[in-house]
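I have placed the structure first, in the form of C-alpha cells, so that the comments after it can refer back to it.
The values are calculated or read from the model by the stated rules, or taken from the named source; none is laboratory data. Treat the numbers as computed from the prediction; the structure is a model and nothing was measured. All Cβ positions, glycine included, derive from the backbone under ideal geometry; neighbour counts span all protein chains shown. Note: areas computed on protein heavy atoms with side chains; ligands, DNA, RNA excluded. Shrake-Rupley method; radii C 1.70, N 1.55, O 1.52, S 1.80 Å.
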Amino acid sequence: MLILNSILQLTTYSGGINLKRPANIPKLLAPVNSYDGAKMVVDAGADEIYLGVTVPGRLRNLWLNRSPFCEVSSYDELSRIVGYAHAHNVKVVLTAVFPFMAKSMEDDLRRHLKRCLDEDVDAIIIGDLGILSIVKSIGVEIPIYASTFMASMNYEAVKFLSKLGFSRVILERHLTIDEIHKIAEHSHVEIEVFVHGGGCSNINANCYLLHWIFPRLLFTPLRDLTPCRHPFRVYDEHGRLQGVLPILDGFTWCALCRVPQLLKAGVSGFKIVGRCLSGERQAIMTKAYREILDTLAEGKTGGKAFRDKLNSVIRELDDYYVRMIGRSFRELFCKQKRCYYIPLLTAQYRYG
Amino acid sequence: MVEESVKSHVDAVRFGSELCERKIPSLQTLKKAYNLIEDHDKEFIYVTPRLPDQALEKIREHVDFLSGREAKIVVNDLGLLNILSDQPGLNLWLGRFLVYLPARCPWRLGIKDMFFLTLSIKLMLDRRKVADLFYQTNLNYEPTVELFKQHGIIGVDLDWIPKCFQSYQALADCGLQLSIHLYMIPVALTRKCHTARFLGIRRLDRCDKPCYNRFFRIVHDKLGVEMFLSGNAVFRLEKPSPKDLEKLNSVESLELVIPINPITKTTSYKEINNVIRNLKPT
C-alpha cells in the first residue's frame, strides 16, 4: 500500500490529498492568510491556495476591497507557505491585491510584485489592466489569471482577456449557471467560478460600498462587516417611509447543492471566498467542497449517494456554525435561499 | 424622454441604458430614436450596459445599424469592446462602469473621520498618505490608457467629483475626450436587482421596468448617509456648480452629461435648459 501511494503521489498533477482526480473535476481553490491557515486548508484538500501579501510602505494603508489583516503579513511567511504547499503538490496563486492602478502606485507595487514572484508562486490573479502591464514588464513567465474585478460576463470578454495573455478567467458572481455554461463552452481558457462565501450583493468591480473604510467602529458590531447588509430607511419617490430594512442585501453564500450543475457547465475551478476568515473556517469550507467533489469524482453525480453526502456535509457545517455563532448553517443560508447563481434573491429581508 | 431631450438646448442626446441589460431597446426603437435625434440636428450617442451573452447578441444587431453612421458608442463591457474594436466607423467611449474610481464611495471622507474613531494617531497619519489615491482613476496610468486607445477608445465617461478634476485633467492630457456626468455618482451596480426584489418582482425576465418612473431614497439607519436606488443601481448625488466647472476650463474637449430622471427632477426640456442655464458662469 505504501508503494502504491508513492506511485499515486508521483502521478498526481496537484492536490492536497494524494489521489489522482478525473480531469473533469474542477480544481478547488481555498483562501489563505497565514502559514497556519495554509497548512489547514492544504490538509483539508485544496488543489490550489490563493493569497495576498501585505504591501510594505504607504500602500499598506490603501484599504479598498481588503485590509492588510486579510493578507499574509511578510515575504518570509509567503516563502514558508509556498514551501509547505509545494511539498504537498498544491499550487500557490498570488493575488495582486489592488483593483486599480495609478501612476503614483507604480514603484511600490512593482517592487512588491517582483519580491512575491521571486518566492516561486505558481500563478498570479490580476484585477486591473495596468497591473497586468507591470507583471508583464517584470518578465516572469507564470500563468496570469483574470480576477472577478474584470467583471467578465460573456465569452467575448473572456476572449478579450485571453488575447491579453490571461490563461484563466474568474467569472463575475452575478451570472446564472446557463450563462456560465455558454461561456465555458466557447472559451479556450480555464473558467473559474466562486462557490462559497462572500457572494457580493453588487458587481464587485462596480461596488464602492467599501467595507474597510466604513466608519463602523462607532456603533457597529463586528458581525456587520458589509455595509450592503445594513438596514436603510427606505423612502419612496413621494418621500413616504416604506420601512427600515437591508434593501441592498442581495448577498449569496453557498453553491454546495449546485456543484453537479457547475460541473456539467464545464467549469475548471471552484473558488472559496474568505481571505479574511480564520484558518479553521477556511479549512472547514475547503473540506466540505472536497468531500462533495470527491463523491462526484467517484461517478456519483446524482441520486441518493450524492444527496446523502450533501446532507452529511451540511450536517457537519450545521454543527460547526451552532458551535461558533449559535445558529445553524441551514438556518442562515439554506432557509433564506442564499444560493449562488440565482438571478434574483426573493427571500424575506433579514438583518443580522 | 428622447422627445424632451431633442427640444432642449443640448448638443447631443444619449440613448440606451448604461445600467441594465433589460433596458436595451429593440432595433426598431433604436432606429426611431436615431432618426428623431438626427432630424433635430443633435449628435446621437448610444449607451450600453454590462452584458451577458444573450444581451450581447442583441447589441450586435444595433452595432450593424450604427457602424455606417459614425455614431458614438459608450461601452461598459469588455466583451463589447472586443467586438467593437474591430469595427470601423465607430467612435468608442469608455463607460463609467469600466472606470474604477474609489472617490465614488459614499463614506470616502471616513479617512479623515477615522481620527476620531481610532486611538492611533499614527494610523490616521498613515491613511492620509494614501488619501490622494482615492481621487484617481484606473486610467491614471499610461499603459492602461494606451491599451484602451489601441482598442479604439477615444473618450471616457466620468463623474462630477470636483476633487477628482485634477486626475481628469491628466486623462485629457493623454488625449482622451472627457464626458462628465452631472449629479448622479454610481455607488453600486447589481444584476440581482434590489428594486425588483423590494417590489416583489419574482422573475426578472418579466420585469416591467418600474425604475423608469420610480426610485427610492435610502438613508443608512445609523450613519445617515443618503443614497438613491434606481433600478439595479445605487447612486449618491453631488450638485454641480459653475465655480467647480471653471476648474475644467483647460480641458479642450469636454462634454457634460445631464441625467434625465425623476431623482434629479429633470424630466422635461424646460428642466434640462434650467440645468444648462445654472451651470453658466455668472
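Residues that are more than 8 Å from chain B (Cβ to nearest Cβ), outside any loop (DSSP other than H, G, I, E, B) and open to solvent by 40 Å² or more (accessible area, probe 1.4 Å) within the range A:131-162 comprise A:LYS136, A:SER137, A:SER162, listed in sequence order.
Looking at the range A:236-352, the helices (runs of 4 or more DSSP H) lying wholly inside it that each contain 3 or more residues that are open to solvent by 40 Å² or more (accessible area, probe 1.4 Å) sit at A:279-297, A:303-325. Condition check for B:SER5 on (1) farther than 29 Å from A:ILE183 by Cβ; (2) open to solvent by 20 Å² or more (accessible area, probe 1.4 Å); (3) within 20 Å of the chain's Cα centre (by Cα): one failure, at (2).
In the set B:LEU98, B:LEU117, B:LEU176, which member is of a type in the set (A, V, I, L, M) and modelled with pLDDT under 95? The unique qualifying residue is B:LEU117.
In the range B:128-140, the residues that are small (Gly, Ala, Ser) reach residues that are surrounded by fewer than 15 Cβ atoms within 10 Å (Cβ to Cβ) and in a helix (DSSP H, G or I) with C-beta atoms within less than 9 angstrom, at least six apart or across chains, in these pairs: B:ALA131/B:LYS112.
Each residue in the range A:238-277 was checked for being modelled with pLDDT under 95 and charged (D, E, K, R), and 4 of them qualify. Restricted to the range B:211-248, and to residues there that are among the aliphatic types (A, V, I, L, M) and farther than 24 Å from A:ILE203 by Cβ, the residue that is least open to solvent (accessible area, probe 1.4 Å) is B:LEU248. In the range B:244-260, the residues that are within 18 Å of B:MET184 (Cβ to Cβ) form Cβ pairs under 6 Å with partners that are assigned to a strand (DSSP E or B) and β-branched (Val, Ile, Thr), at six or more places apart or across chains, as follows: B:LEU256/B:ILE180; B:ILE260/B:THR266. Please go through the range B:261-282 and pick out each residue that is open to solvent by less than 50 Å² (accessible area, probe 1.4 Å) and assigned to a loop (DSSP other than H, G, I, E, B). Passing the criteria: B:PRO262, B:ILE263, B:THR264, B:SER268.
Select from the range B:179-203 the residues that are crowded, with 21+ Cβ neighbours inside 10 Å and within 14 Å of B:LEU254 (Cβ to Cβ) and write down the one among them that is nearest to the other protein chains (Cβ to nearest Cβ). Per the criteria, the residue is B:HIS181.
Taking residues in the range B:187-200 that are assigned to a loop (DSSP other than H, G, I, E, B), and partners anywhere that are open to solvent by 10 Å² or more (accessible area, probe 1.4 Å) and of a type in the set (Ser, Thr, Tyr), the pairs with Cβ atoms closer than 9 Å and at least 6 places apart or on different chains are B:GLY200/A:THR346.
Residues in the range A:163-210 that are in a helix (DSSP H, G or I) and more than 30 Å from A:VAL313 (Cβ to Cβ): A:LYS163, A:HIS186, A:ALA205, A:ASN206. Could you go through the range A:81-96 and let me know if any residue there is facing chain B (nearest Cβ under 10 Å) and small (Gly, Ala, Ser). No, every residue in the range A:81-96 fails to be facing chain B (nearest Cβ under 10 Å) and small (Gly, Ala, Ser).
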